[in-house]
Amino acid sequence: MTGTGWTPSLLAGLLFRPVVDPLWVGLLTAGAVGLAGWAWRRGRDGEVGAWTRLALPLRLAGVLGVGLLLMGPSVMPESGEAPTPTPLTILVDASASMQTADVPPPETGPAVSRYGYARSAWLDDARLAALRREHDVRLYSFGPRLSAALPGEDEADHRTSDVLGGVAEAVNLSGGGGHVVVLSDGRHSAGGDAAATARRAAAAGVKVHTVTLGGATRATDLALEARPRQPYLMAGEPGQLDVRLDAVNAAGRGTTLRVRHDGRETARRVSLPAADHAAGGNASLSVELPVQHDEPGLYVYEVSVDALPDEPEANNNAATVFLEVTARRMRVLVLEGRPYWDTKFLSQALRRDERVALKQITQVTPERRERIVTRTEEAGPDASPPEGGSASASGVPETLADWSAYDVVVLGRGMEHVLSVASADALVRYVSEGGGRVVMARGRAYDPGRPGGGALGRAWSVMEPVVWSSSDGQGAGGVLVPTEYGQTHPAFARLMRATDGAPGLASLPTLDEAAAIESLKPGTRVLAGLTAGGTRRFAPRGGLSVGVEGNEDGVETSGGGVVEMGYGRGRVVAVTGQGLWRWSLATGADEDLAGVYDAFWSSLVRWLVMGAEADAGADVSLRLSGRSVELGGVLTVTVVQRGAAEDAELSAEVVGPDGSVTGLSLERRAGAATRRVGAYVPTATGVHTVRLRGLDETPESVVETSGGGKFAVYDGNAERRRTAADPGLMRRLAEGSGGRVLDPREPGALGQLLAAERAARVVPPVPRYVWDRWGWLVLLLGGFGAEWLLRKKGGRW
C-alpha cells in the first residue's frame with residue numbers, strides 16, 4: 001500500500017494513514033527497537049542502577065510511539081450534509097388547455113386529460129409523501145396567477161395560462177435556492193420572455209425542471225370567431241366585424257370565408273399564414289369585414305368558413321353576429337365643478353366620436369362658468385362647427401324636463417359648485433323615472449365637507465352604486481383590470497383585443513387615487529377591479545411603474561374601479577378614482593393600445609344609450625347587456641314593466657341553439673318595483689333567444705319586446721382554441737436555469753434527480769489525525785525527556 005492510502009485498523013473507529021509505506025515504518029521501528037536493546041545490553045557491562053533499568057522501557061515506549069505516529073492513526077468525522085430540507089416548489093398548470101385528453105396513462109387504457117395525468121401520475125399521495133420526507137414541498141396551481149389550492153379535475157379550466165409568471169413568483173417565494181418543477185403543456189397565453197425568466201431563476205440559485213404534458217400536434221381543425229367592433233352603430237355610420245380564424249395543422253392552406261346577411265351571401269378566398277412555431281405550429285388569420293346601415297334596426301350576420309377536406313369536426317366553423325343600429329346622435333352632457341385632466345381628455349374622446357352631440361359645462365372659477373358645445377342640433381348661439389366649440393356663460397339643467405334632453409350625463413367633481421339641491425333631486429328622477437343614464441367619471445362627484453356637498457350626497461345616495469366611506473380623503477390608486485363580467489362588456493372590447501384576451505397584461509397607467517368605499521350596493525356589478533402590485537410597461541413622464549397580475553375570476557379590490565347599477569328605469573356607472581386620462585398617452589408606448597381610451601368612453605356611452613334599457617313607451621320592454629356573449633360569460637337581462645303590465649308576474653326562459661329551454665330567474669330590484677333583472681351564463685355556442693311569459697293566462701303567450709331577445713354566444717377562449725403542447729418554451733425554461741427536462745412517462749425520475757442533487761451537496765468526510773493534539777506531543781516529549789533524566793541519574797549519557 002502506498003503512503004497515501006488508507007489502512008483499516010483493528011481498533012474500532014480508527015484508520016491508519018502511514019506517511020510512507022508501512023513496511024518501511026515497520027523496518028525503521030524494528031531497527032530503532034534493536035538499537036535500543038543493543039545499547040541497553042552494552043550498558044550491562046558496568047554496574048547498572050535501578051534508575052538505569054527504568055530508562056529501557058521508556059525508550060522502547062518512545063520508539064514504538066514514534067512508529068505508531070508514522071502510521072498516521074486517524075478518525076472519520078460525521079458527514080457534512082446539511083440537515084435542512086431542500087425547498088421544492090411544484091407548479092401545476094390548471095388552464096383550459098390542460099383538459100385536452102391526449103396523454104397516455106401509465107397502464108393500458110384510453111388517453112386521459114393532461115391535468116388528470118399530472119394529478120394521478122406525478123402527484124399521487126405516495127409520491128408526495130416520499131418527496132416530503134427529504135424536501136420542503138410547496139404545491140401550487142396556476143392559470144393567470146399562482147394559487148395555493150389545486151382545483152378538481154373538472155374545475156381546472158382557467159381561460160389564461162401564465163407559465164412564466166408562475167415560475168417567476170415561485171422563484172420569489174423560494175427565497176433563493178432549491179428547485180421548481182413545472183407540470184404543464186407549455187401553452188403560455190401571457191407575455192414574457194422564457195429565457196429571461198430562466199436567467200432570473202438561475203441568478204437566484206433555483207433550478208427549474210419541466211415536464212411537458214400533451215402532444216405537439218392535433219387533428220386538423222379550423223375555429224372561427226366573429227364579433228362586432230362596435231356592437232351599437234348609428235345610422236349611416238361605418239363599422240366593421242372582426243373575424244378571427246385559428247388553424248391547427250392547416251397552416252398555409254386556403255379556404256372560403258362566407259358572410260350571409262339579409263338573404264344574400266358574399267364569399268372570399270382566404271389563405272392561412274405559415275405556421276407559427278412559437279404557437280405550437282398553429283396559425284391564425286384576422287379579417288375585417290366593413291358594415292354600414294342607413295336604417296335603424298337589429299341586423300344579423302352569419303359568418304362561416306368552409307371545412308377542410310381532412311377536418312373531422314366543423315361545428316366551430318360558423319358564428320352569428322348581431323348589430324344594433326339607431327337613428328340619431330347620442331346627446332351627452334358633461335358637468336365639471338373642479339377642472340382636471342380627466343374631464344378634458346374624456347370630452348376630447350367623445351368629440352372624436354361623430355355620433356355624439358356633446359355639451360360640456362365647466363365651473364372654471366366661482367364667478368366664471370364655461371360651456372363648450374359640439375355637434376349639437378340645438379339652434380342659437382350654442383351651435384358650433386363639428387370639430388370646434390364655442391364657449392360662453394350658461395346655466396345647467398334644473399328640472400326633469402331639462403335633464404331629459406340628454407341621453408347620458410357625465411359628472412366630474414365639485415358638483416356642489418355647479419348644481420343646486422333642486423337640480424340634484426331632478427337628476428335622481430331623471431334616472432329613476434325617465435330611464436336616464438349617469439356616469440360618475442371621477443369617483444364621488446361632490447365633497448360632503450363643503451357647503452352644499454352634503455345635501456347633494458343625501459339626494460344622490462339612493463342612486464349611487466357604492467356606499468362611500470365617511471372619510472373625505474382619497475385612497476391609493478391602482479390598475480384597472482376587467483373582471484370576468486367586464487371582459488365581455490362592450491366598454492372593454494377594444495382593450496381585450498389589444499391584450500389578446502388577457503386583461504392582466506394591460507400595459508396601462510394606474511389611477512392617481514380612488515375614493516374610499518365602504519361597500520357595494522346590492523345589484524352593483526363590477527366591470528373592472530382596482531388592484532396594485534407588479535410592474536407595468538408604460539409609465540408617463542418617467543413616473544414610477546405599477547402593474548397588475550391577471551385575474552379572470554374577479555379582482556380583489558376595496559370596492560371596484562368601474563362599477564354599474566340599475567336604478568329605477570335608468571342606470572348609473574361610477575369610475576371610483578381619477579387618472580384614467582393617462583390611458584390616452586399609451587399610444588406612444590404600445591401601438592396595440594392605440595385608441596383604447598377613446599374606445600372605452602365611446603363604447604360605454606353607446607352601451608348606456610342603446611344597450612342598458614329598452615325603448616320608452618312599451619308596456620313591457622326587454623334589454624340584454626350585449627348581443628354577443630362569450631361562452632361562460634354573464635348576460636344580464638333587464639325587464640321593465642309599465643302601465644297595465646306594471647304588476648304582472650312575468651317569467652323568463654332562454655331557448656338554446658338546439659331548442660332546449662332553460663328557466664331564467666328574474667328578481668325585483670330594491671326601490672324599483674317595475675324593474676326585474678336576471679343573469680344567464682351560456683354553456684353552448686350559437687344563437688340563443690330570451691322569451692318572456694306571463695301577460696295572460698295562455699302558457700304559450702310570448703311577450704314581443706323591442707329589439708328582440710336574440711343574442712349570440714361565441715367561444716373566445718384561446719386556451720381552448722390552441723391546445724397543442726409547446727415543449728420549446730418548457731425546454732428554454734429548464735435549460736436556461738440549469739434544470740432538466742423530465743420525461744412525462746417517468747414520474748419516478750423526479751425523485752431520482754432530486755436524490756442525486758441532494759447527494760451531490762453532501763460534503764465528503766475527511767479523516768482527521770488523532771495525534772494532532774498538543775497533549776500527545778507533550779506526552780511523547782515528556783517520555784523521551786524522562787528517559788534521558790533517568791540515564792543521567794544512573795551515570796550514563
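One table, with the values for the structure above:
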item: Residues within region 25-74 that are in a helix (DSSP H, G or I), over 15 Å from Leu789 (Cα atoms), open to solvent by 20 Å² or more (accessible area, probe 1.4 Å) and modelled with pLDDT under 70, tallied; result: 6
item: Exclusive hit being at pLDDT 80 or above and either small (Gly, Ala, Ser) or open to solvent by 20 Å² or more (accessible area, probe 1.4 Å) (or both), set Gly588, Gly632, Gly663, Gly643; result: Gly663
item: Pair list, Cβ < 6 Å and 6+ apart or interchain, from region 120-136 residues that are surrounded by 14 or more Cβ atoms within 10 Å (Cβ to Cβ) to residues that are among the polar types (S, T, N, Q); result: His135/Thr86
item: Qualifying positions in region 272-292 - surrounded by 11 or more Cβ atoms within 10 Å (Cβ to Cβ) and modelled with pLDDT of 90 or more; result: Val287, Leu289, Val291, Gln292
item: Given (1) touching a Leu at 6+ places or on another chain (Cβ under 8 Å); (2) modelled with pLDDT of 90 or more; (3) surrounded by fewer than 19 Cβ atoms within 10 Å (Cβ to Cβ), number of the condition Asp93 does not satisfy; result: (3)
item: Region 620-638, residues that are touching a helix residue (DSSP H, G or I) at 6+ places or on another chain (Cβ under 8 Å) and not in a loop (DSSP other than H, G, I, E, B); result: Val620, Arg623, Leu624, Glu630
item: Verdict on Leu298 being surrounded by 15 or more Cβ atoms within 10 Å (Cβ to Cβ) and either modelled with pLDDT under 90 or not acidic (Asp, Glu) (or both); result: no
item: Members of region 224-238 found to be within 21 Å of Gln487 (Cβ to Cβ) and not in a loop (DSSP other than H, G, I, E, B), listed by number; result: Leu224, Glu225, Ala226, Arg227, Pro228, Tyr232
item: Within region 407-435, considering residues that are over 27 Å from Ala327 (Cα atoms) and hydroxyl-bearing (Ser, Thr, Tyr), the one most open to solvent (accessible area, probe 1.4 Å); result: Ser420
item: Count of region 154-170 residues which are open to solvent by 50 Å² or more (accessible area, probe 1.4 Å) and either farther than 20 Å from Thr723 by Cα or of a type in the set (A, V, I, L, M) (or both); result: 1
item: First in region 256-271 and over 23 Å from Gly297 (Cα atoms) and hydroxyl-bearing (Ser, Thr, Tyr), second anywhere and at pLDDT 90 or above and loosely packed, with under 10 Cβ neighbours inside 10 Å, Cβ under 9 Å, 6 or more apart; result: Thr256/Arg269
item: Those residues of region 167-211 which are assigned to a loop (DSSP other than H, G, I, E, B) and either free of Cβ contacts under 8 Å to residues at least 40 places away in the same chain or at positive phi (or both), in sequence order; result: Gly175, Gly176, Gly177, Gly178, Gly186, Gly192, Asp193, Ala204, Gly205
item: Contacts under 8 angstrom Cβ, first residue in region 421-442 being on the phi > 0 side of the Ramachandran plot and outside any strand (DSSP E or B), partner surrounded by fewer than 23 Cβ atoms within 10 Å (Cβ to Cβ) and among the β-branched types (Val, Ile, Thr), 6 or more apart; result: none
item: Odd one out for Leu777, checked against (1) within 30 Å of Arg200 (Cα to Cα); (2) modelled with pLDDT under 90; (3) outside any loop (DSSP other than H, G, I, E, B); (4) of a type outside the set (Val, Ile, Thr); result: (1)
item: Region 340-373: number of residues that are in a loop (DSSP other than H, G, I, E, B), of a type outside the set (Asp, Glu) and either surrounded by fewer than 19 Cβ atoms within 10 Å (Cβ to Cβ) or at pLDDT 85 or above (or both); result: 6
item: Some residue of region 374-388 being out of contact with any Asp or Glu (no Cβ under 6 Å at 6 or more places or on another chain) and either at pLDDT 85 or above or not in a loop (DSSP other than H, G, I, E, B) (or both); result: yes
item: Residue satisfying condition, being at pLDDT below 80, open to solvent by 30 Å² or more (accessible area, probe 1.4 Å) and closer than 30 Å to Ser461 by Cβ, within set Arg676, Arg669; result: Arg669
item: Per-region count, region 127-150, residues under 25 Å from Ala194 (Cβ atoms) and assigned to a loop (DSSP other than H, G, I, E, B); result: 5
item: Condition met for Pro151 (open to solvent by 40 Å² or more (accessible area, probe 1.4 Å), closer than 30 Å to Ser628 by Cβ and without any contact (Cβ under 8 Å) to a residue 60 or more places away in the chain); result: no
item: Subset of region 221-263 [over 26 Å from the mean Cα position of the chain (by Cα), under 28 Å from Pro744 (Cα atoms) and open to solvent by less than 20 Å² (accessible area, probe 1.4 Å)]; result: Ala250
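The values are calculated or read from the model by the stated rules, or taken from the named source; none is laboratory data. On a predicted model such as this, the values are computed, not experimentally measured, just so you know. Ideal geometry is used to build each Cβ from the backbone, glycine not excepted, and the neighbour counts take in all protein chains shown. We work out accessible area using only protein heavy atoms, side chains counted, and drop any ligands, DNA or RNA first. Shrake-Rupley method; radii C 1.70, N 1.55, O 1.52, S 1.80 Å.
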